[in-house]
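So the structure is just underneath, and the comments pick up after that.
The values are calculated or read from the model by the stated rules, or taken from the named source; none is laboratory data. All values derive from a computational prediction rather than experimental measurement. Ideal geometry is used to build each Cβ from the backbone, glycine not excepted, and the neighbour counts take in all protein chains shown. Protein only, heavy atoms only, side chains kept; ligands, DNA and RNA dropped before computing areas. Shrake-Rupley method; radii C 1.70, N 1.55, O 1.52, S 1.80 Å.
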Amino acid sequence: MSSSPSEALRAVLEHWPGGVDIVPASTLDRHSFAPTRPVAVLLDAPVDRALLLKHYPAETLARAPSAEGFLLLPATAPFGDLASLGAVTRIAERLRAPDGCPWDREQTHASLRPHLLEEAYEALEALDRGDLETLRDELGDLLFQIAIHAQLAAEEGAFDMADVSRSIGEKLIRRHPHVFAGTSLAGTDLLVQWEQIKRREKDPDDGATSILDGVPRSLPALFAAERLQERAARVKLRPPRIELPLDVDDPEFLGELLFGLVAEARERGFDAETALREANERFARRVGRVEQRARVEGRELESYDDAQLRAMWEATGGEVQTA
């Protein structure tokens, strides 16, 4: 005869009188499972052993006792469950503790800046090579950079890792109403919707918004040019182009063409990076003038048709191509 739920729970608490997290096997979730407290897995469904093996050694699972329909798993040490995202934040906190690592303790947001940049580039290099094993490691290095900056901010009373997670979570849910709020995408341009939501998010006291907001000025010039043009294209605004006397129909040829342009600039004594950065700034200023004109007219940029956009661009001293 099977025991009642209360009897089963009593058996579990007898094993761990200090308290235990009870998790049904049917709801084991890789995003939230945390074994830093004792866990009693209610055997209401087959157990996801692969998930548990990410958090416990195989021998721990093999020796785990059961009690009245529960699988009883011990609490792991604070740094024992390294598969948990929480372990990264605990490690960052420990390294910054008074008896932590002297090097980590002397770091600041500013001193860590080059490390954040380096780790990002190493992750990009792994992506370019298609090396997923290295990418896993490099993403881990990036994750630690996020954790250590959050720890520094927590020590300053500014924010902590939970605030970082909440901020990005709220933003992603807010900017995907078609996924999380049940709104329809019928007749809606996703990128236009994204830009409209971003503009609504901005505090009016912070001044006028721009479709180019959020493109870091410290990006490499070529990457920045691509991002600026992409942002402008979301409202069908295209930068002026120089007509080339040749067709660019192959990525390899495009690379050689760019390489040749850099060589030409070098031979003429120009800095190609600076020249492109200045072109980006000129483009951004022109976009700003177009946006200012739209504000004067009380309209959003995406409300203009191609001909109107072209006329506005030309009136601000440039030429626009429309899709």
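Observations on the model:
- Listed by first and then second residue, the pairs with beta-carbon distance under 9 Å, at least 6 apart or on different chains, first residue in the range 305-318 and without any contact (Cβ under 8 Å) to a residue 24 or more places away in the chain, second open to solvent by 50 Å² or more (accessible area, probe 1.4 Å) and in a helix (DSSP H, G or I), are 312/289; 312/293; 315/289; 315/293.
- Flag for residue 245 being over 29 Å from residue 210 (Cα atoms), modelled with pLDDT under 90 and over 30 Å from the mean Cα position of the chain (by Cα): yes
- Entirely in the range 1-68, the helices (runs of 4 or more DSSP H) that have 2 or more residues that are modelled with pLDDT under 85 and hydrophobic (A, V, I, L, M, F, W, C): 5-15
- Single residue of the range 70-90 satisfying the filter (hydroxyl-bearing (Ser, Thr, Tyr) and in a loop (DSSP other than H, G, I, E, B)) that is farthest from the chain's Cα centre (by Cα): 76
- Residue identified as charged (D, E, K, R), farther than 20 Å from residue 94 by Cα, open to solvent by less than 60 Å² (accessible area, probe 1.4 Å) and assigned to a helix (DSSP H, G or I) among 133, 119, 125: 119
- Residue in the range 274-323 that is modelled with the lowest pLDDT, counting only those that are part of a helix (DSSP H, G or I) and farther than 18 Å from residue 239 by Cβ: 303
- Residue ID - surrounded by the most Cβ atoms within 10 Å (Cβ to Cβ), chosen from residues in the range 91-108 that are part of a helix (DSSP H, G or I) and under 28 Å from the mean Cα position of the chain (by Cα): 92
- Of the criteria (1) loosely packed, with under 15 Cβ neighbours inside 10 Å; (2) over 30 Å from residue 43 (Cα atoms), which one residue 77 fails: (2)
- Some residue of the range 162-169 being under 25 Å from residue 80 (Cα atoms), assigned to a helix (DSSP H, G or I) and touching a residue at least 24 places away in the same chain (Cβ under 8 Å): no
- Of the criteria (1) free of Cβ contacts under 8 Å to residues at least 60 places away in the same chain; (2) touching a helix residue (DSSP H, G or I) at 6+ places or on another chain (Cβ under 9 Å); (3) of a type in the set (Asp, Glu), which one residue 128 fails: (2)
- Residue match in the range 183-203 (condition: exposed (fewer than 11 other Cβ atoms within 10 Å of the Cβ), assigned to a loop (DSSP other than H, G, I, E, B) and at pLDDT 75 or above): yes
- Filter result (open to solvent by 40 Å² or more (accessible area, probe 1.4 Å) and assigned to a helix (DSSP H, G or I)) within the range 143-161: 143, 144, 146, 154, 155, 161
- Enumeration of residues in the range 42-62 that are closer than 14 Å to residue 29 by Cα and β-branched (Val, Ile, Thr): 47
- Selection status of residue 64, surrounded by 13 or more Cβ atoms within 10 Å (Cβ to Cβ), without any contact (Cβ under 8 Å) to a residue 12 or more places away in the chain and in contact with a strand residue (DSSP E or B) (Cβ under 9 Å, 6 or more places away or on another chain): yes
- Some residue of the range 67-74 being out of contact with any Asp or Glu (no Cβ under 7 Å at 6 or more places or on another chain) and open to solvent by 80 Å² or more (accessible area, probe 1.4 Å): no
- Qualifying residue in the range 266-287 (condition: open to solvent by less than 50 Å² (accessible area, probe 1.4 Å) and polar (S, T, N, Q)): yes
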